[in-house]
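Below is one structure, written out as structure tokens; comments come after it.
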Amino acid sequence: MAVKNLFWLLGFVFLLSSCAHPPKYTPLTTPWPERQQQLLALTEWQFRGHVIFKMPEQHGDVASVSEHKFSANVSWQQNADAYKVMLFGPLGFSAVNLDGRPGAVHLKDSHGKVYEADNPESLMQTQLGWSLPISSLYYWVRGLPSPEPITSVTYDAYHRIAHLQQQGWRIDYMAYQRVQQLELPQEITFMQDKYYMHLTIEGDSWQVNR
């Protein structure tokens, strides 16, 4: 009787384990031109995730050989050409908020001070001492190249971008996920010279308005 109960218990645990870790979905084999048009048509979306940054230490106007590494949570909301990007967590400050559209960007730091500029990259570099390619990330986080010239691009067996080199950055798409009838990135790495960023998007946080 005890042995029978043991087998029943092991079977129940196995069932729970299977439910907790559902099998991965079967990727779509949508041809790239069609996939590209679907992603370009996606202009209202949001996600949450986590980023890890690595960059050279900066001492005055000279970058040292040592490396600075930090991480943060990220929230991105996009509504047509307007966006809100928030970085928060163990960055040495409580939060940084970017609120902008082409030609006008506001940055609010953890002290509540608001700064303005005409592009997010220069604004972040001036006020924070580091920057993210926000204008290009608008495309890259959807699995698209930006409109700038492409150095190289390779696709996986399902016609999704696997590796992209553009604007001096190497972008590697490590994993995708299904969102409605789209496949959107879940894990991406970005490298440029000594700069490195690893973005992981929470699996259930992608929300799209098609």
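The values are calculated or read from the model by the stated rules, or taken from the named source; none is laboratory data. This structure is a prediction, so every number in the text was calculated from the model and none was measured. Every residue, glycine as well, gets a Cβ built from its backbone with ideal geometry; the counts of neighbours run over all protein chains shown. Only protein heavy atoms, including side chains, enter the accessible area calculation; ligands, DNA and RNA are left aside. Shrake-Rupley method; radii C 1.70, N 1.55, O 1.52, S 1.80 Å.
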| field | Those residues of the stretch 182-201 which are loosely packed, with under 15 Cβ neighbours inside 10 Å and either in contact with an Asp or Glu (Cβ under 9 Å, 6 or more places away or on another chain) or under 15 Å from Ser75 (Cα atoms) (or both), in sequence order | value | Lys194
| said: Quick check on the stretch 168-176. Is at least one of its residues at pLDDT below 95 and among the β-branched types (Val, Ile, Thr)? | reply: no
| message | If I go through the stretch 125-166 residue by residue, how many of them are closer than 29 Å to His68 by Cα and among the basic types (Lys, Arg)? | response | 1
| note | Trp76 passes all but one of the listed conditions (1) at pLDDT 65 or above; (2) hydrophobic (A, V, I, L, M, F, W, C); (3) open to solvent by 70 Å² or more (accessible area, probe 1.4 Å); the exception is number (3)
| If you go through the stretch 180-190 one residue at a time, do you hit one that is without any contact (Cβ under 8 Å) to a residue 24 or more places away in the chain, in a strand (DSSP E or B) and over 24 Å from Gln46 (Cα atoms)? | no
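Based on what the data block shows, is Pro33 farther than 24 Å from Ile201 by Cβ, at pLDDT 85 or above and not charged (D, E, K, R)?
yes
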| field | Where Ser131 falls short, out of the listed (1) crowded, with 20+ Cβ neighbours inside 10 Å; (2) within 25 Å of Met55 (Cβ to Cβ) | value | (1)
